[in-house]
Each structure stands twice: as C-alpha cells, then as structure tokens.
Amino acid sequence: MRFSHLPRRVLAAGILLAAAAPPLRAQGGYDVIIRNGRVLDGTGNPWYRADVALRGGRIAAIGDLAGARAAREVDAAGLYVAPGFIDVHTHAGEGLATPALSHGRPLLAQGITTVLVNPDGGGATDMARQRAALQAAGIGVNVAQMVPHGSVRQRVMGMADRAPTPAEMEQMRALVRAGMEEGAFGISTGPWYAPGSFARTEELIDLSKVVAGYGGAYSSHIRDEADYSIGLVAAVDEVIRIGREARLRVVATHLKALGPRVWGYSAALVSRIDRARAEGVEVFADQYPYTASATSLSGALVPRWALAGGDTALRRRVGDAAEGARLRAEIVESLDRRGGAERIQFRRHRPDPTIEGRTLQWVAERGRVHPADAVLALLREGNPGVVSFNMLDEDVERLMRQPWMMTSSDGDLVPMGEGVPHPRSYGTYPRKIREYVVERGVVDLAAAVRSMTSLPATVFRIPDRGVLREGAVADVVVFDLARVDDPATFSDPHRLAEGMVHVFVNGGEAVRDGRFGPAPHGRVLALPRRAPAR
C-alpha cells in the first residue's frame, strides 16, 4: 500500500494506522517468515530468491523454508528484502527524544531502521542523559550516538577563537572519553561551523586518538566545502591526515563540491581518497542524493570570525560601522560562492514565517535592498534555516559511484507541516533508489543497498546489523521497487516516502502492509566495549 493512498489528515495527526500487535510465535516455529522475496543481503551481491525467517528479534534462517511454520507469514513475491537502512548523518536525535516525534515515522517510511545522531560536532555531550531522554517515550528506530566535538569545545571554552590551554584540552579529552565509555560510536566534528572552526587540526587529532582507543570512528563536516578558507581539497586532506595520525576510520560526511567555483572538483576528491586508501588510511564518505544543501543563514554566509563570542557578539558586529562593513563585504563574497541570492531558500524563520519557502532574492526585492543587507537584517532577528541550491549533478553522480561512499540524509525530524524543510528529511533513501538506480542507472540496486546497510555498519562497527544472515539482528525492509518514490519536494516537503511495504526493527513490525505499527521497537545502541588503548 502506498502512503499517498492514506488521507493526509490521518498522517499529519499521527494516528496509528495498525493497532494489532505482532502475533505470538507458532509452536516450534518462527515468529515471522518472509516468503519468496528477492533477497539483497546488503553486501553488494545481486539478489537471490529465498525465504527469511525471524525469531526472537534475530534472523533465524534464510533459504527454502517451504516446510517451516510461523505465527505470521509475509508474501514478498515480486518484492525485495534487504537489511534495514542505516542513516549515518541525521539531525533526528532531538526530535526522537520528544514524545511527539519519537515514533520516527518519516524515517521508517524510508526504510531507515538505525540512525547516528549528534552530527557536525553538535548535539548532546552527556550520552547517558541523551540516552535516557530517547528511551523515555520509546523510539521507533535504533539510535547510535556520536560525541560532538563542537559542543564539547563550547562546554569547556565557550565561543572562544583560540587554542585550548593544557587544562582545557584535558577537560575536552575527559568529556570525549566519558562519551566513549557510555557507548558512543565515535566523534563528530564540524570545523566548518563555529566553534569547531576555531579548532586547529592538532586539537582534532588529539581528541581522535582518545576515540581510536575505543575503536570508534571520526565523522566530519569538513572545514571547507568550497573556497571559504583552506579550500575543498585541502579540507579533505585534513580529514585524511587525522585518520593517518590518529589511526582511526575517518568519514568526510555529506561530501560535496559546493558552488560554481568548485564544480568538477569531485574528480580531485576521488583521487585524494583513493590514494589515501591505497596508502592504508581508512577513509570513507557519505552523501545525500540532492543538488541542494541545507544549513543556517549564518552557516552559509557569515564568516567565522564574526561568530566568535556567540550570537550577542554577532549582533554587535552587525551594528558596528567598521565591522559591519567588513561583514557585509564578506557576505557579498559568500553569496557569489553559492551562485547568488536566488539559490538560497528559507526553510524556517520563526520571527517571520511568511518568508519560509521564499528565496533570499525575493526577500531582498520585497524590502528593496541588496541581498547582503537583507541578510544583515535577518541576522538581527535570529538565524533562519536555509536550503542552498549549490551542487552540480555530475559531481553528485561521480561521488555516488565510489565503493567507499555511504548514503546519509542530513535530515531533520520536525512536526508535519512545520516550516519548509529540505525534502531529504522525508525522501533521501527512496530518492536514491528511484532516481539514481531505476531512472538514471548511476549505480545498481545492490550497490545502492550496500551503501545504506553493510558499509555503514562496517565503518561504524555496528554489530549484527546491515546484513541479512542467520544470527543478525532482524532489522529488515521489504520494498516494492515499482512503487518506491519520494514525493517530498522543495516546495511541498512534508510528504512521506512510498514503497516500503514492511519494515521490521529488532524483529518488531514497525510498518505492516504500508501502515505504521502501534508500538516503538527501536533501541539506543552502544559500541561494543573494549579496553581503551593506553
């Protein structure tokens, strides 16, 4: 059943669409048998026809199970059976920790069963407290936590634009160590954003060595995605250096060539990463299948020196004659990097929601001012979220073809109908399958599924997930390739994805015949413990 066949008012209200609990296990048999599906095991192998049996939250058997019995049987003839998708970069953590959004339905509708939270160096620094908040109302998907460097730095140093003192560095090490002890899967950084941008590479290497001792990974919104500071290629080189010197797996997250000045640079990025991997550095990347990104207005256009000291200091600089003039000039330059004001669309601005869905060019023309002056005026009111149309599809496709490229959404989890978010929050995974597999043939289906399943599980060491094999956790999606679709658009983003017929999370049926189940089945995961290296 397609989600679009259901009344929108029902979806928006969040009414449960299936009230029946999963049936009890048949005597001597399985909980569920998914029969006669096309099995994509997540490794990149082509599909094969088999039955998949679930029992006790695990995959109990795969093969010809014609004589077996189960409490529930799913007819998957003509459908594909795959591991649940893993989103390695999402901003859904805050929403999942609230009763209104803990169900994670926009994620489940895409086939996502596990998410990594606290990306870009932002998010909770207390893993135990965040875990308790996530578990309080129950969660619809599994959650893996990352320790966010920017938040750790801000907790210790505020928004100071300087190197840490030895005492401050030790405080940051202690916070990172505590997060890893609580089961975090690694560290996320955002040297693109303040205050992460104030950190030198040596600081990131030092903290990454703590993470490496626990077997964790490093994921980074790289320092520059265009030519704002050190340049795109040098920013990828920085990630490679951190991996080499800290001796851990590193991920250039939502990798892109942002803006006309660096279009075509994807070839250089592929060359750099391939060379580093040949030298023995474990470098990976992830991306979303869109040519538009999303961030805050200040993240897109404001130079980082202007963010030192926080929001109060920024507003003071906006009003200062000399600093305001310097800031305006650099905003003009940033607008050019991103291709102009008509390429920036507002997704959320609470002081003036009438601009949501409108472009910066529209706002400037309404006020009869230069776009840079419109930006300064908006910054006095707050920091709106924006979508930026800044990528070249040839770069997206070249990066997508690489065997070290994972899929991610970089999406938010917001109430249905609130603001005009990037459609990636609703459609990333079906979009990659529909547009880049079925319609364009950029990658084949098995490779796309691998980028969403076994590769993320391998990179982040998520045990027993991302593959269909006996003994693995029963995170499973059953989808109809002919119906997989992402109806969410940039003008109408609040539309659930289609085509995921059944979704199992830890063996519980979260989506049944295209309808959401009545109870959450997700868990907060923990990186398997090992004694930290000394």
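The values are calculated or read from the model by the stated rules, or taken from the named source; none is laboratory data. No experiment lies behind these values; they were computed from the predicted model shown. Heads up, the Cβs are rebuilt from the backbone with ideal geometry, glycines too, and the neighbour counts pull from every protein chain shown. Keep in mind that these areas ignore ligands, DNA and RNA; they rest on the heavy atoms of the full protein, side chains included. Shrake-Rupley method; radii C 1.70, N 1.55, O 1.52, S 1.80 Å.
Observations, loosely collected:
- Meets criteria (of a type outside the set (A, V, I, L, M) and surrounded by fewer than 22 Cβ atoms within 10 Å (Cβ to Cβ)) for ASP311: yes
- Enumeration of residues in the range 61-78 that are touching a residue at least 24 places away in the same chain (Cβ under 8 Å) and surrounded by fewer than 22 Cβ atoms within 10 Å (Cβ to Cβ): ALA61, ILE62, LEU65, ALA68, ARG69, ALA71, ARG72, GLU73, ASP75, ALA77, GLY78
- Restricted to the range 268-294, and to residues there that are part of a helix (DSSP H, G or I) and open to solvent by 10 Å² or more (accessible area, probe 1.4 Å), the residue that is nearest to ASP486 (Cα to Cα) is VAL270.
- Count - residues of the range 151-162 that are open to solvent by 10 Å² or more (accessible area, probe 1.4 Å), part of a helix (DSSP H, G or I) and of a type outside the set (S, T, N, Q): 3
- Qualifying residue in the range 116-132 (condition: of a type outside the set (Phe, Trp, Tyr), in a loop (DSSP other than H, G, I, E, B) and at pLDDT below 95): no
- You will find that of ALA482, ALA526, ALA531, ALA447, the residue that is among the small types (Gly, Ala, Ser), at pLDDT below 95 and farther than 20 Å from GLU73 by Cβ is ALA531 and no other.
- Of the candidates ALA234, ALA226, ALA246, the single residue that is of a type in the set (A, V, I, L, M) and farther than 30 Å from ARG261 by Cα is ALA246.
- Pairs where the first residue, in the range 245-256, is within 28 Å of ASN390 (Cβ to Cβ) and without any contact (Cβ under 8 Å) to a residue 60 or more places away in the chain and the second is open to solvent by less than 10 Å² (accessible area, probe 1.4 Å) and assigned to a helix (DSSP H, G or I), C-beta under 6 Å, 6+ apart: VAL250/VAL239; VAL250/ILE242; VAL250/GLY243; ALA252/VAL236; ALA252/VAL239
- In the range 116-142, the residue that is nearest to PRO415 (Cα to Cα) out of those that are under 15 Å from the mean Cα position of the chain (by Cα) and surrounded by fewer than 24 Cβ atoms within 10 Å (Cβ to Cβ) is GLY123.
- Of all residues in the range 364-376, those that are open to solvent by less than 70 Å² (accessible area, probe 1.4 Å) have Cβ atoms under 7 Å from Cβ atoms of residues that are not in a helix (DSSP H, G or I), 6 or more apart or on another chain, in ALA364/HIS370.
- Residue match in the range 96-103 (condition: open to solvent by 10 Å² or more (accessible area, probe 1.4 Å), touching a strand residue (DSSP E or B) at 6+ places or on another chain (Cβ under 6 Å) and assigned to a loop (DSSP other than H, G, I, E, B)): no
- Residue satisfying condition, being free of Cβ contacts under 8 Å to residues at least 12 places away in the same chain, under 21 Å from the mean Cα position of the chain (by Cα) and surrounded by fewer than 21 Cβ atoms within 10 Å (Cβ to Cβ), within set THR489, THR458: THR458
- Positions within the range 314-343 being open to solvent by 50 Å² or more (accessible area, probe 1.4 Å) and aliphatic (A, V, I, L, M), in sequence order: ALA321, ALA322, ALA325, ALA329, VAL332
- Of the criteria (1) surrounded by fewer than 24 Cβ atoms within 10 Å (Cβ to Cβ); (2) in contact with an Asp or Glu (Cβ under 6 Å, 6 or more places away or on another chain), which one THR113 fails: (1)
- Helices (runs of 4 or more DSSP H) wholly inside the range 295-414 that include at least 3 residues being out of contact with any Ser or Thr (no Cβ under 9 Å at 6 or more places or on another chain) and not aliphatic (A, V, I, L, M): 311-319, 321-337, 360-367, 371-381
- Screening ILE230 on (1) buried (at least 21 other Cβ atoms within 10 Å of the Cβ); (2) over 16 Å from GLY121 (Cβ atoms) shows it passes everything except condition (1).
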